[in-house]
1. Of the residues GLY137, GLY50, GLY344, which exhibits the maximal mean-square fluctuation in a Gaussian network model of the chain defined by a 10 Å Cα contact cut-off?
2. From the square roots a ≥ b ≥ c of the eigenvalues of the alpha-carbon gyration tensor of the chain, which class results: rounded (a/c under 1.5), prolate (a/b over b/c), or oblate?
3. Return the FRET efficiency for the residue pair ALA23, ILE65: r is the Cβ-Cβ distance, R0 is 22 Å, and the value is rounded to the nearest 0.05.
4. Relative to the Cα centre, what is the charge dipole magnitude of the stretch 237-380, using +1 at the beta carbon of each Lys and Arg, -1 at the beta carbon of each Asp and Glu, and rounding to the nearest 20 debye?
5. Rounded to the nearest Å, what's the spacing between the alpha carbon centres of the stretch 291-341 and the stretch 206-246? Just the number, please.
6. Could you give the length gained on full extension between THR375 and ASP179, defined as 0.36 nm per residue of separation minus the Cα-Cα distance, in nm?
7. Taking the Cα centre of the chain as origin and charging only Cβ (+1 Lys, Arg; -1 Asp, Glu), how large is the dipole, in debye to the nearest 20?
8. Obtain the nm distance between the two label points defined at ASN152 and THR273 by a simple spin-label model: each point lies 7 Å from its Cα along the Cα-to-C-beta direction.
Amino acid sequence: MHRTVYDEDHESFRQTLRAFIDAEVVPHYDEWFQAGIVPRELYTKLAELGIFGIEVPEEYGGAGIESHKFTAIQYEETARAGVTFGGSGVHVLLALPYIKMLATEEQKQRYLPNFVSAEEMWALAMTEPGAGSDLAGMRTTAKRDGDHYVLNGAKTFITGGVLADRVIVCARTSPPRDDDRRFGISLFAVDAHSDGYTVGRKLDKLGLRTSDTAELSFEDVRVPVEDLLGEENQGFSYLGRNLPSERWGIAHGAYAQAEAAVRFAKDYVQQRTIFGKTVASFQNTKFELAACKAEVDAAQAVADRALEALDAGELTPAEAASAKVFCTEVAHRVIDRCLQLHGGYGFINEYPIARLYADNRVNRIYGGTTEVMKTIIAKDMGL
Ligand SMILES: Cc1cc2nc3c(=O)[nH]c(=O)nc-3n(C[C@H](O)[C@H](O)[C@H](O)COP(=O)(O)OP(=O)(O)OC[C@H]3O[C@@H](n4cnc5c(N)ncnc54)[C@H](O)[C@@H]3O)c2cc1C
């Protein structure tokens, strides 16, 4: 079936990105993998390539493209090469929509040029040790004190948290209402170099090892009122509006990983010889890969359709949840079956399938777990 989401500009961007990954990422990736972080210099190079400015309006130094298709291609090309760009995915996919939606003109002028040039890398801090799926239970507070808010609390699992310069922190500015637990949360663009702002442990993860996932803590951090994003107490509704794009991103990334897994497995089984013949020659191998291919085709169709709907401003929370569940569950099954075809080598990190297996696992957890996605879909069904 002919794929219709991309045009010539997208394909030319794909070639540029592929060449960049081959030259600037693949040769160093093992070293970054062992270090558990990418060098900051990678972000500067990505900025020079124009990656961070694609969706930023031209007046702030970007290309002004209102589409997630270039981001989709980044997922496809990094998966294809068996690499990631560290924690920088959150810079554009998670943080930028909030800046575009909520920042005042003065804030956009202050934030966006440095965003595009990677002088300021951004992250998004919602999750707390006691508040993951149940975000309304967050305990970080921001109390108004003159022309500042005073921030106290802690966040965990923050992607990009080590290298971030500015973090969108969700905090309680008012207690919840009896009839609405979600009321009272506000968003702040917090300068990560402020006094009292501490980057805690870089978490030692099963996968996504080059992405710096950190704990953050805030002790009397003074945040100027000029860094409040949107209206006070309305943060939860902003989260609700932006989570569909994050969930589409995870869905698309998972589909791309599944597709890459099939390619890795196909290449492997064609060159691996046992019992005097290639692993590819066994009927089981052909059937396994054929079944995986069929699942990947279906996931691609779902991810592409969600992408078109997102670009059109029509992707509903339930549709995004549905795409996330489907694509991440497909990826989970497909990558596991492709790893199996590698035998013991599939368990060795030197082989990209092993890293893909570990990297993919979190797709069913972050951005909202599969179970939470199902509650959103069921509610939309009137259940
Ligand atoms: C590598 C990584 C990167 C992350 N990056 C970020 C980030 O950049 N910023 C950020 O803010 N957060 C981030 N997160 C946090 C992530 O979004 C949360 O881990 C996720 O939302 C789940 O929350 P939790 O871990 O507290 O699990 P819990 O909420 O404790 O869930 C535990 C279990 O309970 C189940 N459960 C929860 N609610 C229900 C329900 N209603 N019905 C049935 N079962 C339910 C869950 O599905 C899960 O199986 C990241 C997490 C990881 C692991």
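Read-outs throughout are calculated quantities, based only on the coordinates presented, and are distinct from any laboratory measurement. From a predicted model like this one, the values you see are computed outputs, not experimental measurements. Cβ: placed from backbone, ideal geometry, glycine included. Neighbour counts: every protein chain shown.
1. Sorting by GNM fluctuation, first place goes to GLY344.
2. Values: a/c = 1.79, a/b = 1.65, b/c = 1.09.
It comes out prolate by the Cα gyration axes.
3. Values: r = 24 Å, r/R0 = 1.10.
With R0 = 22 Å, the Cβ-Cβ based efficiency is 0.35.
4. Details: 17 positive and 17 negative charges, 98 e Å.
So the dipole magnitude of the stretch 237-380 works out to roughly 460 debye.
5. Measuring centre to centre over Cα atoms gives 26 Å.
6. Numbers: separation 196, 0.36 × 196 = 70.56 nm, distance 2.03 nm.
Value of the extension gain: 68.5 nm.
7. Numbers: 41 positive and 56 negative charges, 331 e Å.
Here the chain has a charge dipole of around 1580 debye.
8. The two pseudo-label positions are separated by 7.1 nm.
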